[in-house]
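For reference, the structure discussed in these notes is given below.
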Amino acid sequence: MPTASDRPRRSALYLPASNAKAIAKARTLPCDVVILDLEDAVAPEMKAEARAAAVAAVEEGGFGHREVAIRANGIDTEWGAADLAAIAGSKADAVLVPKVGCPQDIGRYEEALEKAPPAMQLWAMIETCEAVFNLKAIAAMAPSSRLSLWIMGTNDLAKEMRAQLTPCRTPFLPFLSTAVAAARAHGLAILDGVCNEFRDLAVFETEARQGLMFGFDGKSLIHPAQVDPCNTVFSPSEADLAWARAVIAAFGQPENQGKGAIRVDGKMTELLHLEQANRLVAVAERIAAAG
Ligand code: COA
Ligand code: MG
């Protein structure tokens, strides 16, 4: 049985929960995750309305196989407590919390979600300079809390660092990879940050491929046009699957029984590659089943 942690999360589309048209549209798009935002995408005067709209949207349903998260305002903002209480009582699959800096922050969100259904997950944005230096400690909260997924918040990181967020993302690469390693060390799923250039899909695809190379499970998105290219990048390709099938078949040959390293297509292939091959096939099967 696949668990919540290995659901496909190739594409996670944000939308302002105050935008009813966008919510209706999200129900028809092939994204794996929908994130109804109450935070950065919603102006202060619309916060209460957005909160009510997000809770009503998950109550109404219609999101099919998509996982639905609601992003709350930070716990120390004037909207945080009301957001968390409303989300805890909602049918959302996950609450996404912003600007987490240290493990104690996860503890505070965990407490605020005490009355939420046991299956409700806690997802956290990694988007502050403080978090960059606490990645391991924050990830280590996973086994003792609802924490199951991280999303990189590259716009907020750029703002706080005063770094430039250009398509190559050079200033961010060291901790994009450190975040992936910290997440994997503690069994968290992890999604890449958004690409603001939603009109230029070539830029988007290059950035999405960089995220795939770094090991992200998928990417967070801001516009419907980004969903299809994102799904393509984060789905195992035909070439990947052909390789996986060849590795599985080769290790299944009688002459390779009991061997740890063999030759497949002229390359050294070990049992760890067989595990990677089995995982790729399983991911492809889960994507096919969800579609
Ligand atoms: N999710 C669902 N639908 C969306 C959407 C989104 N993120 N962004 C745009 N749409 C819809 C629009 O409502 C519009 O629908 P319509 O054709 O029925 O009118 C259609 O897609 C085309 O939109 P478009 O005109 O190309 O975009 P825009 O200029 O109106 O909006 C943004 C551009 C960036 C403001 C908008 O895409 C957006 O709000 N994105 C999400 C921002 C966000 O949530 N940020 C927080 C996390 S970083
Ligand atoms: Mg932000």
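The values are calculated or read from the model by the stated rules, or taken from the named source; none is laboratory data. Keep in mind the model is a prediction, meaning the values are calculated, not measured. Reconstructed Cβ throughout: ideal geometry from the backbone, glycine too, with neighbour counts over all protein chains shown. Heads up: the accessible areas ignore ligands, DNA and RNA and are worked out on the full protein's heavy atoms, side chains in. Shrake-Rupley method; radii C 1.70, N 1.55, O 1.52, S 1.80 Å.
In table form, for the structure just shown:
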quantity: Inter-label distance for Glu111 and Glu205, nm, one decimal - labels placed 7 Å from Cα along Cα-to-Cβ; calculated: 5.0 nm
quantity: Amide proton proximity set for Leu147, modelled H, under 5 Å, gap of 5+; calculated: Leu122
quantity: For the range 16-80 versus the range 246-286, the gap between their alpha-carbon centres in whole angstrom; calculated: 42 Å
quantity: 3J(HN,Hα) from dihedral phi, the range 23-32, Karplus parametrisation 6.51/-1.76/1.60, rounded to Hz, x for glycine, proline; calculated: 5, 4, 5, 4, 5, 10, 8, x, 7, 7
quantity: Gain upon complete extension [Ala246, Glu60; 0.36 nm per residue less C-alpha separation]; calculated: 62.4 nm
quantity: Antiparallel DSSP beta bridges within the chain, percent to nearest 5; calculated: 10 percent
quantity: Per-q log10 I(q)/I(0), the range 182-291, q = 0.11 Å⁻¹ (Debye; single scatterer per alpha-carbon; no solvent); calculated: -0.46
quantity: Sites Glu130 and Lys21 - FRET efficiency at Förster radius 45 Å, r taken between beta-carbons, to 0.05; calculated: 0.80
quantity: Measure of compaction for the chain (Cα Rg per 2.2 N^0.38 Å); calculated: 1.04
quantity: 10 Å binning of all Cα-Cα separations within the range 1-147, expressed as whole percents from 0 upward; calculated: 12, 43, 36, 9, 0
quantity: Spacing of the two label points (7 Å from each Cα toward its C-beta) at Gln104 and His186, in nm; calculated: 1.6 nm
quantity: Relative packing of 12-25, 216-229, 198-211, which averages over residues the other C-beta atoms within 10 Å, highest first; calculated: 216-229, 12-25, 198-211
quantity: Largest-first principal axis extents of the Cα set of the range 238-290 (Å); calculated: 36, 19, 16
quantity: Computed over the chain: relative contact order in percent, which uses C-alpha pairs under 8 Å that are six or more apart; calculated: 16 percent
quantity: The chain - percent of accessible surface contributed by carbon and sulfur, probe 1.4 Å; calculated: 57 percent
quantity: By average C-beta atoms within 10 angstrom, highest first, the peptides 107-114, 90-97; calculated: 90-97, 107-114
quantity: Förster radius 41 Å - calculated FRET efficiency between Lys267 and Glu197 (Cβ-Cβ, nearest 0.05); calculated: 0.65
quantity: Whole-Hz ³J(HN,Hα) from phi, Karplus 6.51 cos²θ - 1.76 cosθ + 1.60, for the range 195-211, glycine and proline x; calculated: 10, 5, 7, 7, 8, 10, 6, 5, 4, 4, 5, 4, 5, 5, 5, 4, x
